[in-house]
Amino acid sequence: LQDKLDKALHNISGRGKITEINVAETVKEIRRALVDADVNYKVAKDLTKRVQDKAIGQNVLTSLTPGQLMTKIVHDELVDLMGGSQEGINLSDKPTIILIAGLQGSGKTTFSGKLANYLKQKRSKKPLLVACDVYRPAAIDQLKVLGGQIGVPVYTEEGNLNPVQISENAINFAKSNSHDVIIIDTAGRLAIDQEMMNEIRNVHQAVKPTETLFVVDSMTGQDAVNTAKAFNDVLNYNGVVLTKLDGDTRGGAALTIRSVVEKPIKFISTGEKMEALDLFYPERMADRILGMGDVVSLVERAQEQFDEEEAKRLHKKIAKNEFGFDDFLKQIHQIKKMGNMKDLMGMLPGVGKAIKDVDISDDSFKHIEAIIYSMTPEERRKPSTINMPRKQRIAKGAGRKLEEVNQLMKQFEQMGKMMKMMQGPQGKQMMQMMSK
Ligand code: GDP
Ligand code: MG
């Protein structure tokens, strides 16, 4: 999904301007990428329609970085689609009863172990695991092994084929042994069938769980959504657990399930180890799908502060060789307005770690500003008039060394050349190369 979205978005990144046709084309490609990744067609269609409306409604067309802005719009829609915020697990009942449901092989037993481990380690609970997959002795052994690994007791009744009875007995056992959470692992079939549904419904009615969690293999694509719906019709569960997100899994299921069953995804499972469990954060999932670090917030802040008209005016000035120190000063103020420099740079993918220990203070502009303030308005407008005696005067006025004034003049000159180049055909090529 990521590759395809990248490709679709790349279409419009690096271009100075995009047209409505470009938006429509890009949106179509995004929709295709989503459908290819098992997102339900209608869900993908609705999502991309909203993206298109926003792209045209907002100033994507005149934005300086349409690709980024578009990425942000898609990102926001993905987050919305996945429910917006993290939804935790309800542990308020004493004891809390958690019923685990899903098809065979979806990862119920593995998740039961992980959840018990999480509650014990991170939430200071004293969980009890209950083996209700009564038809396969191997399933009971599997849960016992996991319980042994994480140091959580497992309640079993060898030979008893009645999961309702076992669950009820387990709850009594838990109460008299001061367990505060009871996790009931159940049997699944390879496909939806009436017998399995009746059985899980009976257990559900008997134990009245605090939380019923539906476990689904994210690799099953569109089927995952159908299964999620079938189980929800019977159990009206509280949340979804997406498993096997560690492999080469397509993200489609995560995108669709929420909008089809209107139940939050609460956990994601990312491996066979007991530690491979994460709370589900829609933001992170959207980031992961789009693979873009924290560029989003960078774009957001830049958007807030950047005055577009000013940018246009600058472009004209550069083209006419009229860019002076006053404009330079404005740029500096613009950058400062955007916030703490280090924060800002830290948001760029890959940069965050590298500059963690480097000191980039906002003061780094202070000397430059002092020098510019010591210039006369005429000098600022026409830097070419600044000769040696003037340089000396400016240095003295600013309380800086002559070399610093020289350095600033040189940098300014280079910047002017570069900005001119960026506006020409070579510059466009360069930008395109950079965006790759
Ligand atoms: P159940 O039939 O629903 O109880 O499913 P199991 O918990 O027995 O899991 C079925 C298989 O999937 C087992 O081989 C697990 O080790 C594996 N499995 C479960 N969760 C994950 C996961 O998140 N990632 C990976 N890679 N494998 C998993
Ligand atoms: Mg199992």
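Read-outs throughout are calculated quantities, based only on the coordinates presented, and are distinct from any laboratory measurement. None of the values given here were measured: they were computed from a predicted structure. With ideal geometry, Cβ positions are generated from the backbone for all residues, glycine too; neighbour counts draw on all protein chains shown.
When each of V181, V225 is scored by the number of other beta-carbon atoms lying within 10 Å, the sequence from fewest to most is V225, V181. Consider all pairwise Cα distances in the range 62-165 and report the whole-number % of them above 24 Å. Roughly 44 percent, once rounded to a whole number. Across the range 177-189, rounded Karplus estimates of 3J(HN,Hα) from the backbone phi angles (6.51 cos²θ - 1.76 cosθ + 1.60, θ = phi - 60°) give 10, 6, 7, 9, 10, 10, 10, 9, 8, 10, 8, x, 10 Hz, Gly and Pro being marked x.
Neighbour counts of other Cβ atoms within 10 Å put T376, T26, T227 in the fewest-to-most order T376, T227, T26. Averaging 1/r over each pair of different alpha-carbon atoms in the range 96-280 and inverting the result gives 16.2 Å, the Kirkwood hydrodynamic radius.
Only four residue types carry charge here, +1 at the Cβ of Lys and Arg and -1 at the Cβ of Asp and Glu. Report the dipole size of the range 96-280 about the Cα centre in Debye, rounded to the nearest 20. Before the final figure, lay out each step's value.
Working: 20 positive and 20 negative charges, 120 e Å.
Charge dipole of the range 96-280: 580 debye, to the nearest 20.
The residues neighbouring G83, those whose beta-carbon lies less than 14 Å from its own, together hold a net charge of -2 under the Lys/Arg +1, Asp/Glu -1 convention. The range 101-152 has equivalent-ellipsoid semi-axes of 20, 12, 8 Å, by the square roots of 5 times the alpha carbon gyration tensor eigenvalues, sorted largest first.
Sorting E168, E77, E195 on the 10 Å Cβ count, fewest up front, what's the list?
Working: E168 14, E77 19, E195 9.
Arranged by neighbour count, lowest to highest, E168, E77, E195 become E195, E168, E77.
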